[in-house]
Amino acid sequence: MGTGGSRSTTMSGGAIVMVSDKIITKGKKLAAHILEASEADLEFKEGRFNHRRHRPRPRHHEVAKAAFRLEKLPRGMEPGLYETATYRAHSGNFPNGAHVCEVEIDPDTGATQLVGYAVVDDVGTVINPMLVKGQIMGGIAQGIGQVADGGQGLRPADRPGHCRLVHGLRHACARRISAPSPSRTIRCRRRPIRSESRARAKPARSAVSAGVNAIVDALSVYGIRHVDTPCTPYRVWQAIQAAKRGK
C-alpha cells in the first residue's frame with residue numbers, strides 16, 4: 001500500500017532523471033565539440049558518447065574533466081556539468097498486484113496458521129532488487145500482523161466517532177498468525193510494468209485484504225461471511241461458536 005511517506009523514489013528519482021537528461025545534453029554538446037563532429041551524430045550509451053565514425057569514443061568522466069578546462073569548451077558554454085531540475089508529479093502512480101493467502105484454523109481454539117502466501121507485484125522499474133523484496137516481505141508481515149493482532153492501525157477512541165492511531169513500538173508483526181518458515185511459506189514474484197511517472201517506481205501493495213479474505217474463506221464452511229479485524233483467536237472462536245448456535 002503506497003502512502004505519502006513512500007514517494008521518495010518517485011519524487012527524487014524523477015528529479016534525478018530530469019537533471020541527468022540535462023547533463024547528458026550538455027555533455028553531448030561538449031563531446032561533439034571535442035570530436036569536431038555534429039552533435040546530432042552522437043548518442044550517450046553505456047557511459048560513452050558514441051559516434052559512428054570517431055574512435056576512441058570519450059567516456060563520461062573524460063567529458064566531465066574537459067568541462068572544467070576553459071580551452072576545451074565551446075563558445076558560450078559555462079564550465080562544469082552542473083544542472084538543477086524540479087520534478088512535479090502530474091499523474092498518479094498506482095501499483096498493481098495479486099496476493100493469495102492460505103491459512104489453517106483450529107476450530108477448537110481459533111488459532112490461525114499461515115501455511116502459504118504467494119504474491120506477484122507490479123513495482124514498476126526495479127532499482128534495487130534486494131530492497132524491493134524486503135519491502136514486499138515487510139508489507140506482508142505488517143499486513144498479516146494487522147489482520148491477526150491489531151497491533152497497528154486504527155483503534156476506537158474514548159469519544160464516539162473518533163479513532164486513535166496505534167504506532168511506534170506498539171506495532172505488531174505476524175504473531176497470532178504464525179508461519180512455520182517465512183522463506184518457504186511466502187513466495188514473491190515481480191512483474192515490472194513501466195509507469196507514466198519519469199521515475200517509473202511504484203510502492204508495494206498491502207496484504208490485509210488477502211489475509212482477512214483467507215480467514216473468512218476458511219470459516220465459510222460454518223456460513224461465516226465476515227469477521228471483524230483484528231481476527232484474534234478469541235474473535236475467530238467466538239464467530240465459530242455463534243455460527244454453530246445459528247446466530
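Consider I127 carefully, then state whether it is of a type in the set (V, I, T) and either part of a loop (DSSP other than H, G, I, E, B) or more than 38 Å from the chain's Cα centre (by Cα) (or both). Full working, then the answer.
On the way: of a type in the set (V, I, T): yes; either part of a loop (DSSP other than H, G, I, E, B) or more than 38 Å from the chain's Cα centre (by Cα) (or both): yes.
Taking the combined requirement at face value, the residue satisfies it.
Test V227 against the criterion of being surrounded by 15 or more Cβ atoms within 10 Å (Cβ to Cβ), modelled with pLDDT of 90 or more and within 21 Å of V115 (Cα to Cα), and give yes or no.
Details: surrounded by 15 or more Cβ atoms within 10 Å (Cβ to Cβ): yes; modelled with pLDDT of 90 or more: yes; within 21 Å of V115 (Cα to Cα): yes.
The answer is yes for V227.
Can you pull out the residues in the range 96-112 that are within 14 Å of A210 (Cα to Cα) and touching a Leu at 6+ places or on another chain (Cβ under 8 Å)?
Correct list: C101, E102, V103.
Matching residues to (1) among the aromatic types (F, W, Y); (2) in a helix (DSSP H, G or I); (3) more than 30 Å from V212 (Cα to Cα):
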| residue | (1), (2), (3) |
| --- | --- |
| F68 | yes, no, yes |
| T84 | no, no, yes |
| Y87 | yes, no, yes |
| F94 | yes, no, no |
| L114 | no, no, no |
| K133 | no, yes, no |
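Tally up the residues in the range 92-128 that are surrounded by 15 or more Cβ atoms within 10 Å (Cβ to Cβ), of a type in the set (G, A, S) and more than 17 Å from V227 (Cβ to Cβ), please.
4
I need a count of the residues in the range 37-90 that are free of Cβ contacts under 8 Å to residues at least 60 places away in the same chain, surrounded by 11 or more Cβ atoms within 10 Å (Cβ to Cβ) and among the hydroxyl-bearing types (S, T, Y).
1
The values are calculated or read from the model by the stated rules, or taken from the named source; none is laboratory data. These numbers come from a predicted model, not from an experiment. Note that each Cβ is placed from the backbone with ideal geometry, even for glycine, and that neighbours are counted across all protein chains shown.
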